[in-house]
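Values quoted throughout were computed directly from the atomic coordinates according to the rules given, and no laboratory measurement underlies them. All figures in this text were calculated on a predicted structure; none of them were measured in a lab. Cβ coordinates were reconstructed from backbone atoms using ideal geometry, including for glycine residues, and neighbour counts include every protein chain displayed.
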Number of protein chains: 2
Amino acid sequence: MITAQIVTIGDEILIGQIIDTNSTFIAKELENIGVTVSEIYSIRDNQKAIIETLDSALKNHHIVIVTGGLGPTKDDITKFSLAQLFNSELVRDESTFTHVRDMMQAKGIDFNELNQSQALVPKCCTVIKNESGTAPAMMFEREGNILFSMPGVPFEMQNIVETKVIPEIKSRFQLGDNTHKTIVTYGLPESILSKRIEQWEQNLPEGFKLAYLPNAKGVRLRISAYNTPKTEALEKIAFAFEELREELREHFLGYEPVSLQSSLAELLIKFKLTVSLAESCTGGALASKFTAMAGSSAYFLGSVVAYSNSMKTSSLGVPAEIIAAKGAVSTEVAESMAVGARELSGADFGISVTGIAGPTGATNGKPVGTVCFGISGVDFVHSEQVLFSNSREYNIEKSCSHALNILRNFIYNKPD
Amino acid sequence: MITAQIVTIGDEILIGQIIDTNSTFIAKELENIGVTVSEIYSIRDNQKAIIETLDSALKNHHIVIVTGGLGPTKDDITKFSLAQLFNSELVRDESTFTHVRDMMQAKGIDFNELNQSQALVPKCCTVIKNESGTAPAMMFEREGNILFSMPGVPFEMQNIVETKVIPEIKSRFQLGDNTHKTIVTYGLPESILSKRIEQWEQNLPEGFKLAYLPNAKGVRLRISAYNTPKTEALEKIAFAFEELREELREHFLGYEPVSLQSSLAELLIKFKLTVSLAESCTGGALASKFTAMAGSSAYFLGSVVAYSNSMKTSSLGVPAEIIAAKGAVSTEVAESMAVGARELSGADFGISVTGIAGPTGATNGKPVGTVCFGISGVDFVHSEQVLFSNSREYNIEKSCSHALNILRNFIYNKPD
C-alpha cells in the first residue's frame, strides 16, 4: 500500500480564518489513483514545526504533499524551511525568472524584487513550472520517498497536481486499487434509512465497507472496497446499489456527484420540460443551483427574485390585495407567484418560494423558518407550508432543497 | 501559552469526499479566547490511529478537541477507541437515553436500538448534552489536560462548542492575549499592494506580524499580535489600519468580516439608495450575495434572472432586435437590461450582468469568460466588457465581485 501525508501550512488555517479546501482536493486526486492518504496535518508558519513535521512525514510515507507558504511576502517561509531540511542553498532558477517576468509584463505589473524572489529555489529540488502563477512548485527526494511543495492558491495548486504531480506519482509507484462509490438519498433520516436497509447492508460482499454521510442536502451512502481489483469492485458495488435503487425509489437520487438539482435536471431533459422560478426568501440561491450547472439553459428559463412586495406585483402579477390580506408569506401568495413565474416565461412549470429566513420578519403565527412553496403547471397549481429552523443560512439552503424536491417528486411520480 | 490540538476523524475527509469545516470553526473559537491551536490533524476511522493520535495529543497539549465518528452506525468507532484509550467500559447514560427518546418521539421516528445505542458512553467521561442531536459530547481528563469529543454534524458541534466547551476552557485555564485584525482590499494585485504599503509595513509596531491572504474576492491583510494586552494591541492595530485606509481609498473595503457586498450595503443604507438586478450568466448568484445578508430588503428590491432571451424581452423589455443584432452578450444588451431592471422595480440603480460563463457558448470574437456589465441610474446608463477566465465557477464568482465593485465605486466616488 502506497501511503501519503498531506501537510497544509499557514497560520490562517490554524486561527480559523480560512477553510483548508486544498487538502480535500489533493486527497481526492490521490485516492483516485490508489494512493492511501493516512493523515492530513495543518501546521503554522513556523520554521521548526515545518521542518519537524516534514521530516517525520518523509520517514513514514512514500509521498508527502505540501501546500502554502510560497508567496512573495515576508510571512511565507516554507521555501527557507525546505532549504534547511534538505541542507541546500537557495539559487535562482532561470526558467522561473523568465516565466515570472513574462507574466508580470503581460499583466502590466512591475517586475519588482518581490516578484523576482519567486525564482529562488533550493538547489537540490526539481522545479515544476506553475503555469498559472508566480511561485513554482518543487519536488524533493529522500531515500525513495518524494515530497512536493506547491503554492496554496487553489487554482494554481490544482493545475499543478493534475498535470504534474499525479503523472509523476503514477510513473514512480506500483499503485493498489481503492474503490469508492457513493449514492445520494433525500427524504429519509439517517436512523430510519439505516433500519430500512439493514438486511441489505448485512448482505454486502465481505470486506466492503458502508459509510453514512448526512447533511442538509440528504444522506449519502458510500461503499469502499480496498485491494479488490477495480473492475470487480465496481461491478459488485453497482449490483448492491442497484438493489437499493429499487428499494428506495424516489429517495434514491443517484450516484455522486448527483445532487437534487442535477437529478431534477436529468428528468427535465428526459421529458423535455422547462422551469422558471419566483423567489422571495431564497433570494436567487435557488436559481443559482440551476445555473451553476453547465447547459442549464436547456431547461431553466429564469427566475424573478421578487424581494420587495412591489416587485411581486409588478413583475409576477401577484394581486396587491392578496398580499395585504394573507401576507407575503402565505400559500396564496406562493400559488400566485408560481403562476406568475410560469406565465412570464412560458415554462412548463413555475416554482415559487416565499418565507421568513430570519433573523427578523416573524409575525404572529408565522415564526422565523416558515416557508411557503408553490408549484404550477398547465392545468394545476399547488402549495404547501413548512417550518424549518431559526438559522437564516440553513433556512435558505433547506428551502432550495425542498423546492427542488417538490418538482423532482412531481415529475418522478407523474403518470406517463 | 495554552495550546490546543484539533483532531477530526473520518475516512470521508481523508479520501477527499468532504471538506473539513469543523476544524476551522473550532480554531476560530479557540483563538478568540486566547488558546493557540498548534496543529489540526485529520485521521481515519481506524482504532489504532485514533488511540495513538489522541494519546500523543493529550501528552503535548493542554486541550484536545475531537470531532467525528460518534454516529449510530457501524462505521463510527470514536467512542470505542476513547473507551480503550481511557481504559473505561461503556455504560448507559440515563439523561442521554431520555433525551434521545424524547427527540425521536417529537419527530415521529422509531426509537430503535441504533438510536438507543447513542446513550452508551465510557464510564470515566463527563457527558455533555447535545441539545440539537442524538450523539452526546464527552469530556475526559488526564493529568490536568482535557479532551472533548463531539459529533461531526456541524450545527450540533457548533452549539456544543459555544455553550459548553468554550465556557469550560475559560473556567479552567489562565488564557493569554492573542489579537488578530484583518482588513479586506479589492482591486490591487498582491505584489503591487505589497510595494505600495512597504513603508507602512516597516513602521508596524515591534512584534506585530502582517500576513497577505489573496483570493477571488480581493486581498486580505491580517495583523497579528501575541501576548500584548488586548486593548493595547487593538488600539495599535486600528491606528495602523486607519493610516492604510487613507492610503488605499476605494481599495480599502473595511475590517473583516466585511465583503464587497456588505461594504456596498453600508453605502446603500447610508445614502438611502436601492438597487435591483438583471442577471444572465451569474444566474441568481449575484442576487444571493445580497439576500444572504439579513436586512437586505432595505436596499435590495429584487433580480430578474433572465436566462433565456425571451425572458430578457418579456420581463426586462430588452428589444429582440438588439439581441439579434448585437448578441445576448453585448454592452448594448447589458445597458438595456440595466435600464429594464431599474424600471421594473423602481430602484435607484439597475445593475446587469450578461456573459459567457462556459464551458460552451463561445462565439466568434467572444470567448468563454467574456462578460458585459451595465449600470443605470436616474439620468445615465453605462456599460463595460471584461474578459475573465475559462472556468465557469470562477467566471460566475468573479462576475459577482466585479458587478458589486462597479456599483460600490460609483457610489464611493460620486460627488455629494
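In this simple spin-label model, placing a label point 7 Å from the Cα along the Cα-to-Cβ direction at both B:ARG172 and B:ILE109 gives a separation of 3.0 nm.
By the rule of a C-alpha distance below 16 Å, with chain neighbours fewer than 8 residues away ignored, the lysines paired with B:LYS129 are B:LYS79, B:LYS164.
Between B:GLY144, B:GLY284, B:GLY254, the Gaussian network model of chain B with springs among Cα atoms under 10 angstrom shows the greatest mean-square fluctuation at B:GLY144.
What separates the A:GLN174 label point from its copies, with the point 7 Å along Cα to Cβ, is 5.9 nm, written shortest first. Label-point spacing for A:ASP102 across the identical copies (point 7 Å from Cα in the Cβ direction), in nm and ascending order: 6.9. Listed by Cβ neighbour count within 10 Å, with the fewest neighbours leading, A:MET139, B:MET104, B:MET1, B:MET138 appear as B:MET1, A:MET139, B:MET104, B:MET138. What 222 nm value per residue comes from the helices of chain B, counting each DSSP H run with n ≥ 4 as -39,500 (n - 2.57) and dividing by all residues, nearest 500 deg cm²/dmol? Helix contribution divided over all residues of chain B: -12000 deg cm²/dmol.
Placing a label point 7 Å from the Cα of A:LEU267 along the Cα-to-Cβ direction, the distances to the matching points in the other copies come to 4.4 nm, shortest first.
The simple Förster model, with R0 at 41 Å and r as the Cβ-Cβ distance, assigns A:TYR412 and B:ALA362 a FRET efficiency of 0.75.
Taking a straight line from the alpha carbon of B:LYS236, these lysines sit under 16 Å away, with near neighbours fewer than eight places off in the same chain left out: B:LYS181, B:LYS209. Remark: region B:260-413 projects, on average over all directions, an area of 8.2 nm² (convex hull of Cα atoms). Shape index of chain A: Rg/Rh, with Rg the Cα radius of gyration and Rh the Kirkwood radius from the inverse mean 1/r over Cα pairs, equals 1.07.
For A:LYS272, list the lysines whose Cα falls under 18 Å from its own Cα; do not include residues on the same chain fewer than 8 positions away. The reachable lysines, counting only those whose Cα sits under 18 Å from A:LYS272, are A:LYS414.
Averaged over the residues of peptide A:289-298, the number of Cβ atoms from other protein chains lying within 10 Å of each residue's Cβ is 5. Mean partner shielding of peptide B:306-314, defined as the number of other chain Cβ atoms within 10 Å of each residue Cβ, is 6.
Under 18 Å from a point placed 7 Å out from the Cα of A:GLU235 along the Cα-to-Cβ direction: which residues of region A:163-195 have their backbone N that close? Under 18 Å, as judged by backbone N against the label point of A:GLU235, lie A:177-181 of region A:163-195. Taking other C-beta atoms within 10 angstrom as a stand-in for reagent exposure, A:CYS281, B:CYS372 fall in the order A:CYS281, B:CYS372, fewest first. Computed over the protein assembly as shown, the range of Cα coordinates on each principal axis works out to 69, 67, 56 Å, biggest value leading. Rounded to the nearest 5, what % of the DSSP beta bridges within the protein assembly as shown are antiparallel ones? Expressed as a percentage, antiparallel bridges in the protein assembly as shown total about 65. Using all pairs of distinct alpha-carbon atoms, the Kirkwood hydrodynamic radius of region A:176-292 works out to 15.9 angstrom. Here r is the Cβ-Cβ distance between A:GLU243 and B:TRP200 and R0 is 60 Å; the resulting FRET efficiency, rounded to 0.05, is 0.35. Applying a length cut-off of 24 Å (Cα extent along the axis) and a mean Kyte-Doolittle floor of -0.5 to the DSSP H helices of chain B leaves B:230-248.
When all alpha carbon pairs of region B:47-137 are counted in 5 Å bins from zero, the resulting P(r) reads 3, 13, 23, 24, 17, 10, 6, 3, 1, 0 %. Could you estimate the translational diffusion coefficient of region A:3-172 from the Stokes-Einstein equation, with Rh from the Kirkwood formula over C-alpha pairs, at 4 °C and 1.567 mPa s, in whole µm²/s? D = 81 µm²/s.
This ranking places A:LYS164, B:LYS326 by how few other beta-carbon atoms lie within 10 Å of each, fewest first, which gives B:LYS326, A:LYS164.
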